[in-house]
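Nothing in this text is a laboratory measurement; each read-out follows from the coordinates by a stated rule. These numbers were taken from a predicted model, which means no experiment stands behind them. Counting neighbours? That spans all protein chains shown, and the Cβs are built from the backbone with ideal geometry, glycine included.
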Amino acid sequence: MAGTAPWPDRLPAEWWERLGARLIEALVFGVFYYILFIVLWGFFRTVGMLEVFGGRLAGVFAWLVAGLAYAGYDWWAHSRRGRTFGKAIMRIHLAPEGASRRVLLKRALVYPAPVMLMGIPVVNLVAGMLLFGVGLLILIDKPLERGPHDRLAGTRVVKDLR
């Protein structure tokens, strides 16, 4: 029925809870990115490729690998437990609990997969705007509070009642 929200018995996660979960995860993956960047920078310097791509090659590869790892982790965690470690800390999870792996892969490819494009000059602006737009759409989508990644997957982030 139009106008009624699915999952009426579930309280949607607040925007700050979702943001907190992503920030917790970003902190961990940020450390992973910087370690990877240092390793790649050392490797490219050793093989004489440090100046390729305007000196940005290590950053491009580090963002690509870290972005793919984050999207893969997001997909795996939601497939396995219905939540990431950030969501577990913030006491929120993905509903419905039994979403298929294919649906969750679509969700992970819309957000956070664009993170892997952040190292590419000019494209990083588009990726950043896309990520900002996802957050903005979550804020203005009332009462369901879903981003495009949730709409595509037919999911919603809700508060834990356990």
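Quick check: the angle from helix 123-140's long axis to the longest principal axis of the chain, C-alpha only, nearest 10 degrees? Helix 123-140 sits at roughly 20 degrees to that axis. For the chain, a crude dipole built from +1 on the beta carbon of Lys and Arg and -1 on the beta carbon of Asp and Glu, taken about the Cα centre, is about 380 debye to the nearest 20. Dividing the convex hull volume of the alpha carbon atoms of segment 30-162 by its residue count gives 107 Å³ per residue. Once C-alpha pairs closer than 8 Å and six or more residues apart are averaged by separation and normalised to the residue number of the chain, the relative contact order reads 29 percent. Across segment 1-82, counting alpha-carbon atoms alone, Rg and Dmax equal 19.0, 62 Å. Put simply, segment 89-162 fits an ellipsoid with semi-axes of 24, 14, 11 Å; these come from the alpha carbon gyration tensor as the roots of five times its eigenvalues, largest first.
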